[in-house]
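**Q** After the structure tokens below, expect a handful of questions from me.
The values are calculated or read from the model by the stated rules, or taken from the named source; none is laboratory data. Quantities reported herein were computed from a predicted structural model and do not represent experimental measurements. Cβ placement follows ideal geometry from the backbone for every residue including glycine, while neighbour counts extend to all protein chains displayed. For accessibility, only protein heavy atoms count, side chains too; no ligands or nucleic acids. Shrake-Rupley method; radii C 1.70, N 1.55, O 1.52, S 1.80 Å.
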Amino acid sequence: MKADTEFRKVLTLFPVVLFGLAYMVPLTVFTTYGIVSQLTEGMLPMAYVVTLLTMLFTAFSYGRMVKAFPYSGSAYTYAQRSLNSHVGFFVGWVLLLDYMFLPMINYLIIGIYLHAEFPAVPVWIWIILSIVIVTIVNVRGIKVVAGVNLTLISFQMIFVALFIILSVKSLLGGEGSGTLFSSLPFFNPEGSTSLVFAGAAILCLSFLGFDAVTTLSEETINAKKTIPKAIFLVTIIGGLLFIIVSYLGQLVFPNYMSFKDPDSAGLEIAGFLGGNLFKSFFLAAYIIGCFASATSSHASVSRILYAMGRDTILPKKVFGNLYSKYRTPVFNIIIVSVVALLALFFSLETVSSFISFGALSAFTFVHISVFAHFYVRSRKRTFKDLILYVLVPFIGVILCIWLWTSLSKFAFMLGISWLTIGLIYLMYLTRMFKKQPPKISFEESIDDVENTP
């Protein structure tokens with residue numbers, strides 16, 4: 001590679017951590033707030049504690065694997081390199097599931113929250129309208145929204161800061177629970193551990209993207225040390241933020257069963273704390289953030305499909321073409337839009353659980369990859385190695401599987417169905433496993449596609 005085509009290593013720990021936190025989206029805590037609050041019978045913060053604990057083990061495994069394989073592709077690359085290409089294909093297939101459903105959850109949230117504010121307009125109109133807008137933007141090229149992410153994240157961080165301030169003020173004023181300190185959000189005598197784990201399984205959605213900092217490896221100074229630290233810090237800072245916000249929200253609005261619509265609980269809490277002005281500020285920040293997330297996730301998966309078509313994993317004539325006028329994968333963008341229309345039929349809980357199914361499956365294989373690469377292949381067998389490469393990944397696998405099996409039966413059935421389709425397709429591609437499966441390209445960038453001649 002020529003020197004002038006390499007990335008400049010200029011990033012330090014602080015900007016990498018900021019990038020990771022921005023990618024996780026601070027207001028994602030309100031995406032499933034009402035659903036999980038009711039599911040756990042008021043123990044939402046405890047569910048976040050369980051999820052954070054699981055994610056810390058996962059962050060450790062990601063940190064170890066990024067040192068061994070500092071490449072794009074994340075869990076797919078780790079499984080492919082540490083286990084075998086067939087397992088790697090399955091992990092990639094699961095990741096593709098998450099990529100396909102991430103735009104959908106944004107459209108669903110947009111529809112739910114705008115309908116809650118403007119009840120005269122049905123949810124399905126908002127969903128279809130948002131899909132059409134994002135589709136048009138992506139067909140023309142997503143550079144029209146470039147450069148606004150910092151502003152969007154700033155809006156959300158300002159809201160979170162105001163939320164904390166207003167919550168403390170409200171509680172000190174005797175409203176809600178009337179106290180800043182209560183054990184009920186963490187332990188409800190009338191609740192159960194199984195409900196907490198069921199809620200924690202859904203909350204994995206909140207942590208999606210914590211490993212996004214691995215994409216900055218080539219631009220980070222001393223990446224092998226900085227990136228693992230950043231992964232851990234992003235996970236724990238984001239997790240603590242979610243716990244604090246959910247804890248205060250639970251105290252301010254202790255009657256979790258009184259939400260008019262648990263899907264849009266954040267809107268009710270914002271209105272309770274700061275009236276219509278604060279409610280409008282929350283709605284604007286949240287909806288704009290959802291549009292930005294929908295645009296980028298819609299673009300990403302359409303380009304992954306393009307890369308898979310270009311590499312003949314999918315039919316090249318269909319998926320591997322660009323529209324000559326805008327140099328964008330128009331057919332793929334439309335396919336993603338059609339899949340996103342499933343938001344008209346699925347509930348927020350089902351979509352959230354379905355995405356968590358894919359995430360937990362991928363996380364499980366990252367833990368297994370640590371064991372396979374370091375303990376089995378590299379033969380690291382000291383007492384310290386046994387702890388780092390056997391015990392820690394084993395605990396991570398157990399936690400992931402526990403959460404995985406705590407998901408709703410419907411989401412679990414959908415996930416298994418997707419894996420079955422993947423198995424059948426893999427058998428077709430490899431002629432009943434007689435040859436190696438093709439590699440899936442998850443590193444296809446937006447600029448690469450838009451600049452394709």
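**Q** Please go through segment 67-95 and give me each residue that is among the aliphatic types (A, V, I, L, M) and surrounded by fewer than 21 Cβ atoms within 10 Å (Cβ to Cβ), ordered by number.
**A** Ala68, Leu83, Val87
**Q** A further question follows. Mind checking which residues of segment 218-233 are open to solvent by less than 10 Å² (accessible area, probe 1.4 Å), assigned to a helix (DSSP H, G or I) and farther than 15 Å from Phe57 by Cβ?
**A** Passing the criteria: Ile227, Ala230.
**Q** Would you confirm whether any residue within segment 305-314 is in a loop (DSSP other than H, G, I, E, B), of a type outside the set (Gly, Ala, Ser), on the phi < 0 side of the Ramachandran plot and open to solvent by 30 Å² or more (accessible area, probe 1.4 Å)?
**A** Yes, segment 305-314 contains at least one residue that is in a loop (DSSP other than H, G, I, E, B), of a type outside the set (Gly, Ala, Ser), on the phi < 0 side of the Ramachandran plot and open to solvent by 30 Å² or more (accessible area, probe 1.4 Å).
**Q** Considering only residues of segment 69-90 that are among the aliphatic types (A, V, I, L, M) and in a helix (DSSP H, G or I), which is modelled with the lowest pLDDT?
**A** Ranking the candidates gives Ala75 first.
**Q** Among the residues in segment 234-256, are any assigned to a helix (DSSP H, G or I), at pLDDT below 90 and open to solvent by 40 Å² or more (accessible area, probe 1.4 Å)?
**A** Yes, segment 234-256 contains a residue that is assigned to a helix (DSSP H, G or I), at pLDDT below 90 and open to solvent by 40 Å² or more (accessible area, probe 1.4 Å).
**Q** Okay, next question. Within the set of pairs 6+ apart or on separate chains, which have a first residue in segment 419-441 that is under 13 Å from Phe90 (Cα atoms), a second that is hydroxyl-bearing (Ser, Thr, Tyr) and open to solvent by 40 Å² or more (accessible area, probe 1.4 Å), and C-beta atoms under 9 Å apart?
**A** Pro438/Thr312
**Q** Residues that are closer than 30 Å to Glu219 by Cα and not β-branched (Val, Ile, Thr): find the helices (runs of 4 or more DSSP H) completely inside segment 11-68 holding 2 or more of those. I'd like the intermediate steps shown before the answer.
**A** On the way: elements: 13-24, 33-39, 44-68.
Per the criteria, 13-24, 44-68.
**Q** Phe371 passes all but one of (1) of a type outside the set (Gly, Ala, Ser); (2) open to solvent by 30 Å² or more (accessible area, probe 1.4 Å); (3) more than 22 Å from Tyr76 (Cβ to Cβ); (4) assigned to a helix (DSSP H, G or I); which number fails?
**A** The single condition Phe371 does not satisfy is (3).
**Q** Could you tell me which residue of segment 134-149 is modelled with the highest pLDDT, considering only residues that are open to solvent by 30 Å² or more (accessible area, probe 1.4 Å) and within 14 Å of Cys290 (Cβ to Cβ)?
**A** Among those that are open to solvent by 30 Å² or more (accessible area, probe 1.4 Å) and within 14 Å of Cys290 (Cβ to Cβ), it is Val137.
**Q** Sort through Thr32, Thr40, Thr58 and tell me the only one that's more than 22 Å from Trp418 (Cβ to Cβ), in contact (Cβ under 8 Å) with a residue 40 or more places away in the chain and surrounded by 24 or more Cβ atoms within 10 Å (Cβ to Cβ).
**A** Going through Thr32, Thr40, Thr58 in turn, just one is more than 22 Å from Trp418 (Cβ to Cβ), in contact (Cβ under 8 Å) with a residue 40 or more places away in the chain and surrounded by 24 or more Cβ atoms within 10 Å (Cβ to Cβ): Thr40.
**Q** Determine which member of the set Arg377, Arg381 is open to solvent by 70 Å² or more (accessible area, probe 1.4 Å), over 30 Å from Asp263 (Cα atoms) and in contact (Cβ under 8 Å) with a residue 24 or more places away in the chain.
**A** Arg377
**Q** Then there is this: Tell me, which helices (runs of 4 or more DSSP H) lie completely within segment 376-453 with 1 or more residues that are at pLDDT 90 or above and acidic (Asp, Glu)?
**A** Output list reads 383-386.
**Q** Looking at (1) touching a residue at least 60 places away in the same chain (Cβ under 8 Å); (2) of a type in the set (Val, Ile, Thr); (3) closer than 18 Å to Met43 by Cβ, which one does Thr193 not meet, given that it meets all the others?
**A** Tallying (1) touching a residue at least 60 places away in the same chain (Cβ under 8 Å); (2) of a type in the set (Val, Ile, Thr); (3) closer than 18 Å to Met43 by Cβ, Thr193 fails exactly one: (1).
**Q** Here's a follow-up. Of the residues Val318, Val339, Val301, which is open to solvent by 20 Å² or more (accessible area, probe 1.4 Å), assigned to a helix (DSSP H, G or I) and at pLDDT below 90?
**A** Within the list Val318, Val339, Val301, the selection yields Val318.
**Q** Just for segment 1-17: of the residues that are touching a helix residue (DSSP H, G or I) at 6+ places or on another chain (Cβ under 9 Å) and open to solvent by less than 90 Å² (accessible area, probe 1.4 Å), which one is modelled with the lowest pLDDT?
**A** Val10
**Q** Can you work out which of the residues in segment 96-133 that are of a type outside the set (Ser, Thr, Tyr) and under 30 Å from His373 (Cβ atoms) is most open to solvent (accessible area, probe 1.4 Å)?
**A** Only one residue tops the list, namely Leu102.
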